[in-house]
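Read through the structure below, which is laid out as structure tokens, and then see the notes.
Taken together, the values in this text are just the output of simple stated rules run on the coordinates, not laboratory data. Please read these numbers as outputs of a predicted model, since none were measured by experiment. Note: ideal-geometry Cβ built from the backbone for every residue, glycine included; neighbour counts use all protein chains shown.
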Amino acid sequence: MNLIRKQAWVMGLLGLFVALLLVTKLIQPNFGVNGLESLARAALPFAFATAAMAVAVIVGGIDLSVASMMAVCSVTAAVLMEGIGGVPAITITLAVGTLMGLINGTLVVVTRVPDIVVTLAMLFVWQGTALLILETPGGAATPWMRNAITGSFIVPGLPNALIIVAVTVAAVWIPIRRSKLGLAIYATGSDETAAFRSGVATGRTKAMAYGITGLFSACGGLSLLALTGVGEPVPGPYLLAAVASVVLGGVILGGGVGGLLGPIIAVFILRIIRTILTLAGFDPNVTTIVEGTIMVGVVMFGAFLVQRSRRQAA
Amino acid sequence: MSNTHPQTEEHVPPLLRVGRFLKDNPVIPLIGFLILLIGILEAMRPGILSPYWAGNLIKFAIPLAMLAAAQVLTMLTGGIDLSVGIVATAAAFVTATLTPLIGPAPAMAVAMAVGALVGLVNGFGAGIARVHPLIMTLGTGLIATGCLQVYQRFVIATGSDIPDILEWLGTGRTAGLPNGIFLFLPFAAFILWLMRLSGFGRLLFGLGSNETAAKLSGVRSWQVLIALYVLSGMIAALTGLLYLGMIRTPSLSLAVPLMLPSVAAAVIGGTSIFGGRGSFAGAIVGALILRVIETMLTLARMPEGARIALFGLIILLVTALYVRFTETR
């Protein structure tokens, strides 16, 4: 029953996305493959930030430092690529991201300070680290990396950016979810005490989950670099967007429920709303306000749902 | 622990006893720490200490301490207000751009109204929709930034002017002390009265210590939270006005860098981020300590990134120590 309801939510999101695509087509009749392609490209960092946030939320925490970790990874890769070339730089960046995530998770477990406070403090630590690595935007992305996310040549008709998100997230998340670790993550998220008493090493699970969050953040930072071509040390507006997408995607703040597919569809929904507003001729700043209001509204609605389910349980 | 008997006072481990002492009197060790830091500063750069330097230290600690008041009050209920930086900036920008149009007093009134409005939205989110205040205030901060950018377009041609009173408060000195204290002393007295003696203060402590118990005793938490966040927004707006007088160039990111240090000042000052415990006197000393540390970092030529990272680590370390010391397990 629960499974059907969960899938129904994802299906509903997909339906909403298709409906919004049709609206876009109505407003701008020549919105086609190119429009879809630029939409997917712009959504790339948001999608990875959301995947990162979703893992932290599923394990019962939250990671406010996602945007800052993305900034660290973006500047790290940008600086390294000038020196040692593309592939080693990407490998090192992914390792750095995972390490940052593991540090976050270990601090949460060891200090016993709530996740939200630890990651708020780490938000500033990573932000400072990014500024230490690169004070002003600089470095460079290798050309093939920039080309990889543009166009739609891997599968005709489907944007490359979309395929990259789908393949990366699936390659990381599906094996983990099928493994013992995945089960432990969901168990820890839904009831940490119960999971601990059933023999789950909850501390280690949490640290590992934050490590995955860090890995996805590194992917986000790399896509940011590929998108702009320079390393940007100041974190972008990814935190609130990620929280809103996670909530809209059916992952309940508090943990244990939801997957990564819903949140990623939610990212595209929020992005296409922005496209629609832009096509409708709104000022970009007004678009930001409307978008912010929608995101706050979504989070409020999610909190309301949590409140209601708690009341029903009580 | 192996013994299952309830612990009596004699069996309190020494670490815990130190923790309890610090918890009850956070100001005493903090002042000691401040003096120690000033001593290190004097050793780093002999001759830096002077009445003028002290005046400057106080001058720049005042806006920080005022924003920390907003953090202390919201933290008492287990919340936080991350929109203070942008609210202060918005208040300053609105005042500077509206003064040539409608005069200084109405402009300042509009600026305070902006603060109250953002606070109202925060209060609605935290009190009625029950969103975590951290996420809620982050969201309103984002929306307010967008609004400010749109607003800037409409007033770009009008130019800006800073009310004389703010300039006097921000830059003037009386007997070596910055004029800002004429605003700060009544402000601090009000906050201390609010926290220690007023019924509203007791409601804040009650909600933070045990929300369920407070609710069962008849506290309507949503009303308290809305009033609290409106107050927090107005404190931020007032700080923005003072800061405008100090810096004298309105910009769209004027007071944004004050947000993180304001959280750090409150946490250093012994305010628990989990609610139920807090002290504004501690936050004032915390603000002074942060300003001294900032001077040291500037003297040591530390880059901006190191400063941000260090403040983040301070918040984490102090919070972790509080959790460790005050844990009764």
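If R0 is 56 Å, what FRET efficiency do you get for residue B:149 and residue B:17 from their C-beta distance, rounded to 0.05?
Numbers: r = 53 Å, r/R0 = 0.94.
Calculated value: 0.60.
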### Farthest toward positive dipole pole in the protein assembly as shown [+1 Lys/Arg, -1 Asp/Glu at C-beta], among B:209, A:285, B:70
B:209
#### Entry: Principal-axis tilt of helix B:199-209 within chain B, Cα atoms, nearest 10 degrees
60 degrees
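Taking only complete DSSP H runs, can you tell me which helices of chain A stretch 20 Å or more along their own long axis by Cα positions and average at least 0.0 on the Kyte-Doolittle scale?
On the way: long enough: A:2-27 (38 Å, 1.48); A:33-58 (34 Å, 1.43); A:66-84 (26 Å, 1.81); A:86-111 (37 Å, 1.73); A:115-133 (26 Å, 1.86); A:160-178 (26 Å, 1.58); A:202-228 (39 Å, 0.81); A:261-279 (27 Å, 2.03); A:284-313 (43 Å, 0.59).
Span-like helices in chain A: A:2-27, A:33-58, A:66-84, A:86-111, A:115-133, A:160-178, A:202-228, A:261-279, A:284-313.
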### Summary
Output field shielding_mean for B:137-147 (other chain Cβ, 10 Å radius) holds 6
### Message
Given Cβ point charges of +1 (Lys, Arg) and -1 (Asp, Glu) and nothing else, what value in debye, to the nearest 20, does the dipole of the stretch A:106-228 about its Cα centre take?
### Response
380 debye
#### Entry: GNM result for chain A, Cα springs below 10 Å: residue of A:295, A:145, A:11 fluctuating most strongly
A:11
### Summary
Checking A:39, A:253, A:16 against a Gaussian network model of chain A (alpha-carbon springs below 10 Å), the top fluctuating residue turns out to be A:16
## Note on the structure
Across B:309-319, the residue-averaged tally of Cβ atoms belonging to other chains within 10 Å stands at 6
## Note on the structure
Quick calc: nm separation of the 7 Å Cα→Cβ label points for residue B:215 and residue B:109 -> 3.9 nm
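Need one value for B:254-263: mean number of C-beta atoms belonging to other chains within 10 Å of its residues' C-beta atoms. Before the final figure, lay out the partial values.
Details: counts 0, 0, 0, 0, 0, 0, 6, 0, 0, 3.
Taking all residues of B:254-263 together, the mean is 1.
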### Task
Report the Stokes-Einstein translational diffusion coefficient (µm² s⁻¹, integer) for the stretch B:13-326, Rh taken as the Kirkwood radius over Cα pairs, at 37 °C with viscosity 0.692 mPa s.
164 µm²/s
### Task
Find how much the distance from residue B:120 to residue B:253 grows on full extension, using 0.36 nm per residue of separation minus their present alpha carbon separation; answer in nm with one decimal.
45.7 nm
### Highest average packing first - A:42-48, B:148-154, Cβ atoms within 10 Å
A:42-48, B:148-154
### Query
Check residue A:138: other-chain or 5+ apart residues with amide H under 5 Å from its amide H, H built from backbone geometry?
A:231
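Tell me, in nm to one decimal, what length is gained between residue B:158 and residue B:189 on full extension, where the rule is 0.36 nm per residue of separation less the Cα-Cα distance?
Numbers: separation 31, 0.36 × 31 = 11.16 nm, distance 3.78 nm.
Length difference between fully extended and current span is 7.4 nm.
Report the charge-dipole magnitude of the stretch B:13-326 in Debye, nearest 20, computed about the Cα centre from +1 at each Lys and Arg Cβ and -1 at each Asp and Glu Cβ. Walk me through the numbers before you get to the answer.
On the way: 18 positive and 9 negative charges, 142 e Å.
My answer is approximately 680 debye.
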### Query
Just going by the charge dipole of chain B, with Lys and Arg at +1 and Asp and Glu at -1 on Cβ, which of B:199, B:141, B:151 is farthest out on the positive end?
B:199
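May I ask for the net charge around residue B:247, where only other residues with Cβ less than 14 Å from the Cβ of residue B:247 are counted and Lys, Arg are +1 while Asp, Glu are -1? Show your work: numbers first, answer last.
Values: positive: B:59, B:248; negative: B:167.
So the environment of residue B:247 carries a net charge of +1.
At a threshold of 8 angstrom on Cα-Cα distance, excluding pairs fewer than six apart, so keeping six or more, what relative contact order does the stretch B:13-326 reach in percent? Don't skip to the end; give the middle numbers.
Numbers: 505 pairs, mean separation 108.2, N = 314.
Reported as a whole number, the value is 34 percent.
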### Interchain or long-range residues, amide H under 5 Å from residue B:173's placed H
B:179
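Nothing charged except the Cβ atoms of Lys and Arg (+1) and of Asp and Glu (-1): what's the magnitude of the dipole of the stretch A:177-298 about its Cα centre? Round to the nearest 20 debye.
On the way: 8 positive and 5 negative charges, 113 e Å.
In total the dipole reaches around 540 debye.
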### Summary
Mean-square fluctuation maximum in Gaussian network of chain B, Cα pairs under 10 Å, restricted to B:230, B:18, B:263, hits B:18
### Query
Within a Cβ distance under 12 Å of residue A:301, other residues only, what is the Lys/Arg minus Asp/Glu net charge?
+2
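What percent do you get for the relative contact order of the stretch A:39-236 when only Cα pairs under 8 Å and 6+ apart count? Walk me through the numbers on the way to the answer.
Details: 342 pairs, mean separation 92.8, N = 198.
Normalised by residue count, the contact order of the stretch A:39-236 is 47 percent.
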### Task
Kindly express, to the nearest 10 degrees and within the range 0 to 90, the angle between helix B:304-326's C-alpha long axis and the longest C-alpha principal axis of chain B.
30 degrees
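Among the trypsin sites (Lys or Arg not before Pro) in the stretch B:188-264, which ones are in a DSSP loop with at most 12 other Cβ atoms within 10 Å of the Cβ? Mind listing them? Please report the intermediate quantities before stating the final value.
On the way: sites: B:196, B:202, B:215, B:220, B:248; in loops: B:220, B:248.
Taking the stretch B:188-264 and a limit of 12 other Cβ atoms within 10 Å, the loop trypsin sites (Lys or Arg not before Pro) found are B:220.
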